[in-house]
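A short worksheet on the structure shown next.
The values are calculated or read from the model by the stated rules, or taken from the named source; none is laboratory data. Please read these numbers as outputs of a predicted model, since none were measured by experiment. Don't worry about glycine lacking a Cβ; one is built from the backbone with ideal geometry, like all the others, and counts go over all protein chains shown. Note: accessible area is taken over every heavy atom of the protein model, side chains too, but ligands, DNA and RNA are not part of it. Shrake-Rupley method; radii C 1.70, N 1.55, O 1.52, S 1.80 Å.
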Amino acid sequence: CFDVLGGDLTQKNYNPIDVYNNYMKTLGSNVSSQWNNLYNQLYHVNSLIAAIDRAGISGNETYYGEAHYFRAMIYINLVTRWGGVPVLKKNTMDKVARNTKAETWNFINENLETAMKYLGATDSYYLVSLDAAKALAARAYLYQGNKARAAELAEDLIGSKKYALESDFAKIFGYQRQSNKETIFAFYMDDTEGGLTIGSQYFTYAYENKGSGNYFPTASFEKIFDDMDKRKAITFVTVGTDKCLGKYPGSQAHADPVIISRIGEIYLISAEALGYPDGCDRLNELRAARGLGAAAVASQADLEEAVLLERRFELCGENLIWYDYIRMNKAMEKLG
């Protein structure tokens, strides 16, 4: 829902009970289903953690790290949508009160630090790794305003040289699953598993892989893209008379990997966390890889605005922009 409410995507076919003119109805299924699904996922994660606690962590370190990674991810999704929510360290049938927002973030931090303690390297970015935990933690600490910790984690990932900005932006995305240097962690399901056909939401039925055509990038968003920007051809794909979002080309026919963390976002986290003037280098390194010149930045305020705009270009359709406006106190200014 974050991209739908973030102003750069719009609806053609929508259920007016749930979404109307980019307002999310609090009693609609788009909201209640997210809440229910996240807590359903939490039930399974808590069950695994409880089982490992009983059996002993020794020999189960990877599973323990993975479980805490996913518990952190679940709660990041909860706290960024609802603020303080019930923090369940173990499953319960009791009716419980909400914790504060600060308590919820503290629980997220505890889980991320545990994940980083027990996870190691993997041979595939479709598996949770130590680097995946670092990337998620960098995002979480940035969201909380702990820029020093966010910068430390982001710079560690960049400095490792294990990841690099791709010159071909299209190579990062798509069901072809070609190897790329940007992805740190992505969800992967093959087509036999009834996978995540997220692209169906963004392509019309006239597309070669068919689609439902529910959400489209706006014309006003396209107008602010530089023609030299390598991301433009992926963000706006023409199908008939429609401009569709091209990051998930599998549409109805194939399950596209859903990228959770990639080095492009990490460069932007570092740029924002380092601040002016140090963060300008990271911002401009990303822009150069995308075919653009240096941003005109002369102050901290300029840098913040430049990074926010770059996040729109870089991360459209990756479900982050709406909360960027919320956490930076720009939602009223940007969305009205």
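Here are some notes:
- For the stretch 182-202, the set of residues classified as open to solvent by 60 Å² or more (accessible area, probe 1.4 Å) and either modelled with pLDDT of 95 or more or in a helix (DSSP H, G or I) (or both) consists of 191, 192, 193, 201, listed by residue number.
- Conditions (1) outside any helix (DSSP H, G or I); (2) touching a Leu at 6+ places or on another chain (Cβ under 7 Å): number failed by residue 58: (2)
- Within the stretch 208-218, considering residues that are out of contact with any Lys or Arg (no Cβ under 9 Å at 6 or more places or on another chain) and open to solvent by 30 Å² or more (accessible area, probe 1.4 Å), the one farthest from residue 317 (Cα to Cα): 208
- On the stretch given as the stretch 150-171, residues that are small (Gly, Ala, Ser), at pLDDT 95 or above and closer than 18 Å to residue 287 by Cβ total 2.
- Residues located in the stretch 89-118, provided they are part of a loop (DSSP other than H, G, I, E, B) and either open to solvent by less than 30 Å² (accessible area, probe 1.4 Å) or under 23 Å from residue 320 (Cα atoms) (or both): 100
- Just one of the listed residues (255, 288, 271, 294) is part of a loop (DSSP other than H, G, I, E, B) and either more than 30 Å from residue 208 (Cβ to Cβ) or among the basic types (Lys, Arg) (or both), namely 294.
- Tabulated pairs, the stretch 37-61, first farther than 20 Å from residue 81 by Cβ, second acidic (Asp, Glu) and in a helix (DSSP H, G or I), C-beta under 8 angstrom, 6+ apart or interchain: none
- Residue 31 open to solvent by less than 50 Å² (accessible area, probe 1.4 Å) and at pLDDT 95 or above: no
- Residues being surrounded by fewer than 24 Cβ atoms within 10 Å (Cβ to Cβ) and farther than 23 Å from residue 81 by Cα - total across the stretch 130-148: 2
- The lone criterion from (1) surrounded by 23 or more Cβ atoms within 10 Å (Cβ to Cβ); (2) within 19 Å of the chain's Cα centre (by Cα); (3) among the aliphatic types (A, V, I, L, M) left unmet by residue 165 is number (1).
- Pick from the stretch 168-181, criterion hydrophobic (A, V, I, L, M, F, W, C) and farther than 23 Å from residue 73 by Cβ, ranking: surrounded by the fewest Cβ atoms within 10 Å (Cβ to Cβ): 170
Listed here are the residues, each with its yes/no results for (1) out of contact with any Phe, Trp or Tyr (no Cβ under 6 Å at 6 or more places or on another chain); (2) modelled with pLDDT of 95 or more; (3) more than 23 Å from residue 60 (Cβ to Cβ); (4) outside any helix (DSSP H, G or I).
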residue	(1), (2), (3), (4)
128	no, yes, no, yes
148	yes, yes, yes, no
178	yes, no, yes, yes
220	yes, no, yes, no
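- Residue 302 meets the conditions (1) open to solvent by 30 Å² or more (accessible area, probe 1.4 Å); (2) closer than 19 Å to residue 4 by Cβ; (3) not small (Gly, Ala, Ser) in every case but one. The failed one is (2).
- Whether a residue is open to solvent by 40 Å² or more (accessible area, probe 1.4 Å) and either free of Cβ contacts under 8 Å to residues at least 12 places away in the same chain or small (Gly, Ala, Ser) (or both) was assessed, and residue 121 passes this test.
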